[in-house]
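The values are calculated or read from the model by the stated rules, or taken from the named source; none is laboratory data. No experiment lies behind these values; they were computed from the predicted model shown. Counting neighbours? That spans all protein chains shown, and the Cβs are built from the backbone with ideal geometry, glycine included.
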């Protein structure tokens, strides 16, 4: 099952790169709930997280001609989501929970 999802994600990503809006929509629907839950672990601002998901997929669509193939689409979406939430929170001056102990150590340096 995991292998099927992996291959499906790659096909959807390639579709997005070719300009297939349906592929973007499918990827959005597939990961919306997971990205929402992930975002809410970073910051407990429901609307900010939802806006971040919209911003993430908007940016993917608008920059698709500059994007390259991605092998691990899920990982790409999660790391992009984290950056988008941070950027949105910074722009709206919300606080964010640290994601892991490594980040805490890096901040002390």
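In the set (1) in contact (Cβ under 8 Å) with a residue 12 or more places away in the chain; (2) assigned to a helix (DSSP H, G or I); (3) under 15 Å from residue 13 (Cβ atoms), residue 41 fails one condition alone, (3).
Does residue 18 satisfy the condition of being within 14 Å of the chain's Cα centre (by Cα), exposed (fewer than 10 other Cβ atoms within 10 Å of the Cβ) and modelled with pLDDT of 95 or more? I'd like the intermediate steps shown before the answer.
Working: within 14 Å of the chain's Cα centre (by Cα): no; exposed (fewer than 10 other Cβ atoms within 10 Å of the Cβ): yes; modelled with pLDDT of 95 or more: yes.
Answer is no for this residue.
How many of the residues making up segment 24-45 are under 11 Å from residue 73 (Cβ atoms) and either in contact with a strand residue (DSSP E or B) (Cβ under 7 Å, 6 or more places away or on another chain) or surrounded by fewer than 18 Cβ atoms within 10 Å (Cβ to Cβ) (or both)? Full working, then the answer.
Of segment 24-45, the ones under 11 Å from residue 73 (Cβ atoms) are 27, 30-31.
Those left that are additionally either in contact with a strand residue (DSSP E or B) (Cβ under 7 Å, 6 or more places away or on another chain) or surrounded by fewer than 18 Cβ atoms within 10 Å (Cβ to Cβ) (or both): 30.
Residues in segment 24-45 being under 11 Å from residue 73 (Cβ atoms) and either in contact with a strand residue (DSSP E or B) (Cβ under 7 Å, 6 or more places away or on another chain) or surrounded by fewer than 18 Cβ atoms within 10 Å (Cβ to Cβ) (or both): 1 in total.
Listed by first and then second residue, the pairs with beta-carbon distance under 7 Å, at least 6 apart or on different chains, first residue in segment 72-89 and in a helix (DSSP H, G or I), second exposed (fewer than 15 other Cβ atoms within 10 Å of the Cβ) and modelled with pLDDT under 95, are 82/99. Can you tell which of 59, 84, 92 is surrounded by fewer than 15 Cβ atoms within 10 Å (Cβ to Cβ) and at pLDDT 80 or above? None of the others qualify; the one that does is 59. Being outside any helix (DSSP H, G or I) and either in contact with a helix residue (DSSP H, G or I) (Cβ under 7 Å, 6 or more places away or on another chain) or free of Cβ contacts under 8 Å to residues at least 40 places away in the same chain (or both) is a condition met by at least one residue of segment 12-22.
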